[in-house]
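Working notes, structure below.
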Amino acid sequence: MTDIMLQILVVWFAALMLGVPMFASMGLAAFAFVALNGMPVDIVPQKIAQSANSFPLLAAPLFILMGNIMNSAGITDRIFAFATACVGWVRGGLCHANILASVIFAGMSGSAVADAGGVGSLEIRAMKQEGYDAETAAAITAASATIGPIIPPSLPMVIYGVSADVSIGGLFLAGVIPGLLMALALSAMVTVVATRRGMARHRFPGFGDLWIAYKRAHWALMTPVILFGGMMAGIMTPTEAAAVATVYALLLGLVVYREFDIRDLPRLVVDTVETTGMVLALVMTAAALAWCLSIARIPQLVTPLIVDTVGEPLLFLLAVNVLLLVIGCFMEALAAMLILIPILTPVAAQLGIDPIQFGLIFVLNLMIGTITPPVGVVLFITSKIAGISFEAMSRAIVPWLIPLLSVLVACSVWPPLTTWLPKFFLGY
């Protein structure tokens, strides 16, 4: 059976090379596996359907819808204005404001793409008007967008938690400290670059203007508080928190700020369904293929081999970091996650690596992959917004990878960065 599975994997990757969509190639591989092993082919549709019957997975479309509503309700403008009032007066202020706005928006959207396409378009436009070159504006926007899926809520962490059977609440908590460290590391990089280039700075707006900016953004800033507070108090599960936050975003746009047109809601729902459909197609077919891998005992065969070869948890994490960073250059993050989770998580468990730490490292690696060429989806978005070529964008992002990789190394070497908050709040 193992030989047949290896043949199917070859067919699967051959289909990918021929341009077959990822979800379709995984589904074909699953069908081929059961057919070659003399099993009823209707097993595959059953496994696909079973994987969609997941309460935690309901959080995915809700978080996507919430992000879409936030972008359409003028909330991103208020967030960026508040961030600029807070840090725009230091040298390279709009760069710092860009990062702070991404941290705030991360507590609402949970998606790097939503951050780059939503608040990112506003940030790049403001920075270009201020005199920053387009490459710098786009690179900082892309780098800070990776914070979105690390600070909760996080769509990739929902998918990881469902696929690896790890606490989603624990993963959310694990992302708080690394996400803030990413912001601090990027801000430190901005300070160095701003000093060397003599970047612009605004005058301090005064506490009165700062208070006005806060009041304009107050109810938007309460979104992460509602999400996080409800989950930490045990009042809501992550899925229920996503539903509450979606309704809250809708109320902000319709009642509080009154900048959301209810006629836009059907379009946003359709956009959400389209995005969710792509996500679920991958999740469901990956679940069927993962079942085939388990039947073929691929994880059971791979785990002892890797454990005997590597032996040390830290060496394994180093190897995983290199592997995921390379894969992230060529494969979309969600697809890479669904393919590798069934193979790598049993090895991590065998080596005694905390599943929460491993999940955070897994997601962080692949989020960095969204800003690395040649397939970095966030690079495509920011280069288009900034009006620069993808090649120029790829060169501009290189220095900004350094602070992000530094945080990745820190999380790999020192587990408490990812495990302390889950243990403190959840007794994990």
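Values as computed for the structure displayed
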item: Cα-based shape type of the stretch 166-214, given that a ≥ b ≥ c are square roots of the gyration tensor eigenvalues and the cut on a/c is 1.5; result: oblate
item: For the stretch 291-383: span of alpha carbons on each principal axis (Å, largest first); result: 44, 30, 21
item: Coarse-grained scattering of the chain at q = 0.13, 0.14 Å⁻¹, given as base-10 log I(q)/I(0) from a Debye sum over alpha-carbon atoms; result: -1.16, -1.32
item: Pairwise label distance in nanometres, W219 with Q350, each label 7 Å out on the Cα-Cβ vector; result: 5.5
item: Residues N53 and L251, FRET efficiency given R0 of 30 Å [Cβ-Cβ distance, rounded to 0.05]; result: 0.50
item: Cα→Cβ-extended label distance, 7 Å offset, between L426 and M278, nm; result: 2.9
item: Förster radius 41 Å - calculated FRET efficiency between D209 and L18 (Cβ-Cβ, nearest 0.05); result: 0.10
item: Per residue accessible area in Å² of the chain, where ligands, DNA and RNA are left out and the probe is 1.4 Å; result: 41
item: Solvent exposure, largest accessible area first (probe 1.4 Å, DNA, RNA and ligands not counted), of M284, M108; result: M284, M108
item: The stretch 174-209: trypsin sites (Lys or Arg not before Pro) in DSSP coil with no more than 13 other Cβ atoms inside 10 Å; result: R203
item: Under-5 Å amide H pairs with R201, H placed in peptide plane, nonlocal only; result: G92
item: Filtered chymotrypsin sites (Phe, Trp or Tyr not before Pro), the stretch 239-333: DSSP coil and at most 13 other beta carbons within 10 Å; result: none
item: Cut-off 18 Å, label 7 Å out along Cα→Cβ of S294, residues of the stretch 8-34 by amide N; result: 27, 30-31, 33-34
item: FRET efficiency, R395 to L184 (Cβ-Cβ, R0 22 Å, nearest 0.05); result: 0.30
item: Integer Hz, Karplus 6.51/-1.76/1.60 couplings in order for the stretch 274-287, x for Gly and Pro; result: 4, 5, 4, x, 5, 5, 5, 4, 5, 4, 6, 6, 5, 5
item: Accessible heavy-atom area order of W89, W211, W12, highest first, probe of 1.4 Å; result: W211, W89, W12
item: Segment V11-F330, extension gain: residue separation times 0.36 nm, minus the distance between their alpha carbons; result: 113.0 nm
item: Stretchable slack from V413 to R258, in nm (0.36 nm times residue separation minus alpha-carbon distance); result: 51.1 nm
item: Quotient of C-alpha Rg and 2.2 N^0.38 Å, computed over the stretch 1-141; result: 1.58
item: Cα-derived Rg to Rh of the stretch 88-202, Kirkwood definition; result: 1.04
item: Hydrodynamic radius of the stretch 272-428 per Kirkwood, over alpha carbon pairs, in Å; result: 17.2
item: Where trypsin sites (Lys or Arg not before Pro) fall in DSSP loop in the stretch 238-302, at most 14 other Cβ within 10 Å; result: R258, R297
item: Cα-derived Rg over Rh, computed across the stretch 162-318 with Rh taken as Kirkwood radius; result: 1.08
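The values are calculated or read from the model by the stated rules, or taken from the named source; none is laboratory data. Keep in mind the model is a prediction, meaning the values are calculated, not measured. Note that each Cβ is placed from the backbone with ideal geometry, even for glycine, and that neighbours are counted across all protein chains shown. Remember, those area values only see protein heavy atoms, side chains included, never the ligands or the DNA or RNA. Shrake-Rupley method; radii C 1.70, N 1.55, O 1.52, S 1.80 Å.
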